[in-house]
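Remarks on the structure that follows.
The values are calculated or read from the model by the stated rules, or taken from the named source; none is laboratory data. Please read all numbers here as calculations on a predicted model, not as lab measurements. Heads up, the Cβs are rebuilt from the backbone with ideal geometry, glycines too, and the neighbour counts pull from every protein chain shown.
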């Protein structure tokens, strides 16, 4: 009862109740502040402003010997191998699904001309503050106006954003905004076989769409082994830290607050099932059975 008393008091106290109602009514303004806090957290943890798996030159990297600095270096290396594919550095480049702008930043440092596109309002807020002079588009690619941007870009890049595109809309639109002789660079994972986890496009279906809409693959590399160290590292942290701490917390909860534990006991298996689901997503053995990660370059089929 000691834990619940201050909560109950806020609901029966008129002053506190008025504040509760006011906060609920103004929740959209609060969400904006939370977005800012979320961005601050991302920028402090992900120092390179990257939101992707990273690339390890040594695919046999032992996760037990890895550190966050290894992940930072791998994320930068991932961006480097993508930018190595850019053949025309004088034309405009569209970073589709740019995230927090890590790749855009590297292009700016090279003196290139990137434009950043993201449908995420939190990311766009961050980009506007950090890169005020860079062209930015707050929309999904499928909403990008082709008539106003016809044959504008020499290079299109989808770095872990291809998986979110509606291919029947995106593939023909990308051809319209790409300059003659321009290229599209894609780096992402794909489902293979009978994968039960549904994120990512099916590899065979994706290749069929390419031919249907006039795209030709001119470079293709399976980089699955080089992204697996990141997955292995996250999975190891979950097994060695997250799950033991959760089990410890549940046991302490049962001892310290048996009444509340009894009242919420039915929710605990659901929480553990959810945790188990997320652990499977970062299980490297399951990943290689169900998915593969590829770095590709495309151009308009002549």
Which residues, taken from region 76-125, are more than 19 Å from residue 174 (Cα to Cα), in a loop (DSSP other than H, G, I, E, B), modelled with pLDDT of 95 or more and in contact with a helix residue (DSSP H, G or I) (Cβ under 9 Å, 6 or more places away or on another chain)? 110, 112
Could you please let me know if residue 199 is touching a helix residue (DSSP H, G or I) at 6+ places or on another chain (Cβ under 8 Å) and farther than 24 Å from residue 89 by Cβ? yes
Could you say whether any residue in region 219-231 is in the same structural domain as residue 266 (by TED's automatic domain parsing), assigned to a helix (DSSP H, G or I) and within 30 Å of residue 267 (Cβ to Cβ)? yes
In the list 277, 256, which residue meets the criterion of being exposed (fewer than 12 other Cβ atoms within 10 Å of the Cβ), farther than 29 Å from residue 193 by Cα and without any contact (Cβ under 8 Å) to a residue 60 or more places away in the chain? 256
Taking region 276-302, which residues are at pLDDT 85 or above and part of a helix (DSSP H, G or I)? 284, 285, 286, 287, 288, 289, 290
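Can residue 170 be described as under 30 Å from residue 277 (Cβ atoms), modelled with pLDDT of 95 or more and in the same structural domain as residue 75 (by TED's automatic domain parsing)?
Yes.
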Among the residues of region 143-172, the number that are over 21 Å from the mean Cα position of the chain (by Cα), free of Cβ contacts under 8 Å to residues at least 40 places away in the same chain and either part of a loop (DSSP other than H, G, I, E, B) or crowded, with 21+ Cβ neighbours inside 10 Å (or both) is 4
Might you check whether a residue that is without any contact (Cβ under 8 Å) to a residue 24 or more places away in the chain, part of a helix (DSSP H, G or I) and under 20 Å from the mean Cα position of the chain (by Cα) occurs anywhere in region 59-69? yes
Checked region 134-171 for anything under 22 Å from residue 79 (Cβ atoms) and out of contact with any helix residue (DSSP H, G or I) (no Cβ under 7 Å at 6 or more places or on another chain); matches are 135, 137, 154, 155, 158, 160, 161, 162, 163, 164
